[in-house]
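The values are calculated or read from the model by the stated rules, or taken from the named source; none is laboratory data. This one's a predicted model, so the numbers in the text were calculated from it and none came from an experiment. With ideal geometry, Cβ positions are generated from the backbone for all residues, glycine too; neighbour counts draw on all protein chains shown.
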Amino acid sequence: MNSMTTTDILWHRVATVQDIPENGGACALIDGKQIAIYNFTRRGEWYATDNLCPHRQQMILSRGMIGDMQGEPKVACPFHKKTFSLKSGACLSGDNYEIKTYPIKVEDGLIYVGLNV
């Protein structure tokens, strides 16, 4: 995995666009942390969040179903259907849970996720 620093964000090259399924997700291990990467093809957007679902502490969100709720892109935990905003990480199911989101960029077919330095 290659890394590059921009201001106070360290960008990690995690995959190629072909590695992440269309309208789905996959998991990358960055500095010992599981990060879910989502290719939201229907919207032409990419997202990155923690892979850990805070509801039952399971590393599964990269396998969740993505969609939108009134225009807000979201992921639903495949086990318990708790839904989270892919933009803010807020729980959209009305529960007091939250996931961390990360900056993501795609350049020349390579996917980079940013972590704070």
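List of remarks:
- Within region 2-21, the only residue that satisfies the criterion of being modelled with pLDDT under 95, within 12 Å of Ile111 (Cα to Cα) and surrounded by fewer than 11 Cβ atoms within 10 Å (Cβ to Cβ) is Asn2.
- For Gly94, the criteria (1) on the phi < 0 side of the Ramachandran plot; (2) modelled with pLDDT under 95 hold in every case but one, which is (1).
- Positions within region 41-61 being closer than 12 Å to Cys27 by Cβ and either crowded, with 22+ Cβ neighbours inside 10 Å or aromatic (Phe, Trp, Tyr) (or both), in sequence order: Ala48, Thr49, Asn51, Leu61
- Of the strands (runs of 3 or more DSSP E) that lie entirely inside region 39-117, those containing 1 or more residues that are free of Cβ contacts under 8 Å to residues at least 60 places away in the same chain and among the basic types (Lys, Arg) span 72-76.
- Verdict on Ala90 being farther than 17 Å from Asn116 by Cβ, of a type in the set (A, V, I, L, M, F, W, C), in contact with an Asp or Glu (Cβ under 7 Å, 6 or more places away or on another chain) and surrounded by 13 or more Cβ atoms within 10 Å (Cβ to Cβ): yes
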